[in-house]
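Reviewing the structure listed below.
The values are calculated or read from the model by the stated rules, or taken from the named source; none is laboratory data. Predicted model only: the values in this text are computed from it and were never measured. Here the Cβ positions follow ideal geometry from the backbone for every residue, glycine too, while neighbour counts run over all protein chains shown. Side chains included, ligands, DNA and RNA excluded: accessible areas come from the protein's heavy atoms. Shrake-Rupley method; radii C 1.70, N 1.55, O 1.52, S 1.80 Å.
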Amino acid sequence: MGWWWCAAALAQAPATAEEAPASPEAAAGPGASVSFTEDLEVRYWRLDERLPDPSDVAVLDYVEQVNRLVARADVGRWGIGTQVDQVALFFNRFYLDDVLVVERELVAPDTFSPLPGQSYANVEKVLVQYSGDDIKLQLGDGYAAFARGGALNLNRNVDIDIDTSIQGARATGQVGRFDLSGLIGQLNRQQVYQDNPNALNPISGDRRHAVAGVRADGYGFGPANIGAHGVVYKFATEPGLGAGFSALSETTPTTVVGGGNVELMGVLGADWYGGVDVFGFNDAMPAPLPDAADDPGYAAYLSASAYPGPFVLLAEAKRYYQADRVNALLTPELYEVAIAPTLEYERAITEDSAGALNSNDIWGGRIQLDWSAIPATLTPYVAVAVFRDLDTGALHFNDVPETIAHPMMGVQYTGDHRSVLANVGFRSDERDGSIQGEAPEEPSLWGDGPRSDRDHQLHGDVAVDFPVSVLQAKINAAIEAYHWGVNPLQQTDYIESETSWTLAYRSDVALTWFMDYTTNPLVATTGNLQEQLYGAVELQVKPAPAFTIKGFYGAYKAGIRCSGGQCRLLPGFDGARISAVATF
Amino acid sequence: MFRTMVAATLGLLWSVSAFAADKAADFTLRDINGKEVHLHDYAGKVVVLSFWATWCGPCKEEMPHLQKMFTGKGGDLVVLSISTDDARSASKVKPFIMSQGFTFPVLLDREASVIGTYNPSKTLPFTVVVDRQGNLAHVASGYNPGDEKGLETKIDALLAAH
């Protein structure tokens, strides 16, 4: 493990002073930079499981070590980079009466691993790029998004541990007022998860789907900026390094997307954006709306923002029909290739609202009004979103269309070493007047009586920062209460919360106590303090501004989490972990 | 084979570091009004690159301090506020900036290409200070109240150096 410290010493060699560049070329000039980001984490997973004989409680704990090294060098107009991931399991065999009862499999038998035993390593990303005056060429792994993401939106999502890149070639150039871009490659999903357990499913390679796209952006046509694009996806049906390129010449599930957008700046006192994508699917593509398998899909998005006096008004509208069908084959691989704006508040979300987030037949809008009461200091706001979800398949709890209303209000205050970010909201999902099954009379958070066609969700978030002598206190709390109407999946109301209390000395040292609570009977974890209560403590130390060490002991609950239009059921954690992240 | 590839890649990177002057990598981005901005436009000035996103709480705490530095230290200091909000959230960036009354330039890094160059782990907020010679002078991840004092001290020293 010590070799990367040697790299740090090399990379931190004193910089040579240079004269101020006299031209843009000199600014990009002969100088060079090298950076390394090293992320090492060791996790002790505590997993007590009861065997068929109630007197035997098997302690199936194990240790997982994960390492990610990202290296990047830029010399003049050239840049190269790589990312190497490695994972290993320890103490992973469990015997009962000399019989091996459990051994988690890290790597599937037919998958190549360059490391012996219960360990695996992979060069996840490689990149070479050249940046000229009007052209940029890129070979290897990169990310791409066209317009608002409805046709192509592949980016790393740190929040929920998703990292899929396009491995291939990309060229971008400038011709007059136009930025032009073309790309072709295979999708490269990360094999090693950094935050989630790698022992849940054996590492077995990925299906490398093919993607090709072109995009043109034009700027400065009066108040207008314009853009157009086309994207083709060819989905591979088998794993393999060259599966995507093979798929280009085969009849595989295929989606073709074409779209365009217009942006108007300062017209009629507002900034406007409108974009449309149209999707075509071949017969091999799964059809989430079976009755509409032959229909093309489309995604239309419109936004307008105005700034009258101390107010800022943002209005957004969407109409998506079979737009998420492009992601239909990617569910087992836990990522999406195209995600248009959802307009949803993703902080408080359920399996049901996640269904609306990825709906294949939905329209609606959201309006937010901010008031700059004290510029850069105090900004209260109100917002309301309304959606009409006509999709009744997939993860939806409803078998009839529903109308969703979601008003919210909040405030942002950022004073001198004091800040408050807070909001409350109420979401109502009302189905179209068809009680699904029996409507039981039972106590609930909202009182006794027969359940209705409505699901209700009340949520609030607050983050407070304030000084305590030479320390800084931070309190984060989020609470959600759910009341369910009659639906086939969830009938028990519940409350859950996540809180943290931190005392920090600048950024150097921070001590945090976390506490989760949930009464959800369907949650996949059990609390370590009580059945419904989870506690954990974390110590964070920063020996240098870009070097963080963390130690964590305790547990947190499992649950669904959505970020960037992508939702995952994340497993909980019980145990201890230590991590070190450094950029140098 | 694998070890050879890793060793060769790291060897190449280290050989580059042997003559590295920690030069800030040049980049080109569009601002929230569609105007093209290059890092080399600001050659000879002290430049703060502040990476943030509309969903990032600590970023929102740090930004008023950057605004004070931007308006209080004259034209030799440039603050380039770089939004890493992805394509879906692009419509939210300008309204947020307008609601706060910030006046520093705000650039859009929708594909995370620039933050990927400076901070491959893409954690936020992330702050880079570039000196008058175009060299990396300071790199910091995260923000806690009080951190701005250290940043300001660093910037003042760089502004005083000619």
Review point. Where in segment A:469-577 are there strands (runs of 3 or more DSSP E), lying fully within it, with 1 or more residues that are away from chain B (no Cβ under 14 Å) and farther than 30 Å from A:Leu154 by Cβ?
Key: A:471-483, A:494-505, A:509-518, A:533-544, A:547-556
Practice item. Kindly indicate which of A:Thr111, A:Thr82 is out of contact with any Asp or Glu (no Cβ under 8 Å at 6 or more places or on another chain), open to solvent by less than 50 Å² (accessible area, probe 1.4 Å) and part of a loop (DSSP other than H, G, I, E, B). Key: A:Thr111
Check your understanding: When you go through (1) among the polar types (S, T, N, Q); (2) assigned to a loop (DSSP other than H, G, I, E, B); (3) within 30 Å of A:Glu238 (Cβ to Cβ) one by one for A:Thr331, which number turns out not to apply?
Key -> (2)
Exercise for review: Examine segment A:256-268 for a residue that is touching a helix residue (DSSP H, G or I) at 6+ places or on another chain (Cβ under 6 Å) and not in a loop (DSSP other than H, G, I, E, B), and state whether such a residue exists.
Suggested key: no
Exercise for review: Would you mind telling me which numbered condition in (1) within 11 Å of chain B (Cβ to nearest Cβ); (2) open to solvent by less than 30 Å² (accessible area, probe 1.4 Å) A:Val87 fails?
Suggested key: (1)
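When you scan segment B:85-138, how many residues do you find that are among the aromatic types (Phe, Trp, Tyr), more than 12 Å from the chain's Cα centre (by Cα) and at the interface with chain A (Cβ under 9 Å from one of its Cβ atoms)? Step through it out loud before you land on a result.
Filtering segment B:85-138 for residues among the aromatic types (Phe, Trp, Tyr) gives B:96, B:102, B:104, B:118, B:126.
If we keep only those that are more than 12 Å from the chain's Cα centre (by Cα) as well, we get B:96, B:102, B:104.
Restricting the remaining residues to those that are at the interface with chain A (Cβ under 9 Å from one of its Cβ atoms) gives B:96, B:102.
Number satisfying all stated conditions: 2.
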Practice item. Test B:Gly34 against the criterion of being within 9 Å of another protein chain (Cβ to nearest Cβ) and open to solvent by 20 Å² or more (accessible area, probe 1.4 Å), and give yes or no. Key: no
Check your understanding: For the subset of segment B:139-162 comprising residues that are at the interface with chain A (Cβ under 7 Å from one of its Cβ atoms) and free of Cβ contacts under 8 Å to residues at least 60 places away in the same chain, which member is most open to solvent (accessible area, probe 1.4 Å)?
Key -> B:Val139
Check your understanding: Of the residues A:Gly554, A:Gly564, A:Gly485, A:Gly527, which single one is closer than 21 Å to A:Asn196 by Cβ, crowded, with 16+ Cβ neighbours inside 10 Å and at pLDDT below 90?
Key -> A:Gly564
Point to revise | Single residue of A:Val214, A:Val276, A:Val192 found to be among the aliphatic types (A, V, I, L, M), free of Cβ contacts under 8 Å to residues at least 40 places away in the same chain and either open to solvent by less than 20 Å² (accessible area, probe 1.4 Å) or under 20 Å from A:Tyr320 (Cβ atoms) (or both) | key: A:Val276
Practice item. Considering (1) more than 29 Å from the chain's Cα centre (by Cα); (2) over 26 Å from A:Val337 (Cα atoms); (3) within 14 Å of another protein chain (Cβ to nearest Cβ), say which one A:Leu100 fails and leave the rest. Key: (3)
Revision key, fill the gap. Residue count, segment A:114-166, condition at negative phi, in contact with a His (Cβ under 9 Å, 6 or more places away or on another chain) and facing chain B (nearest Cβ under 8 Å), comes to 1
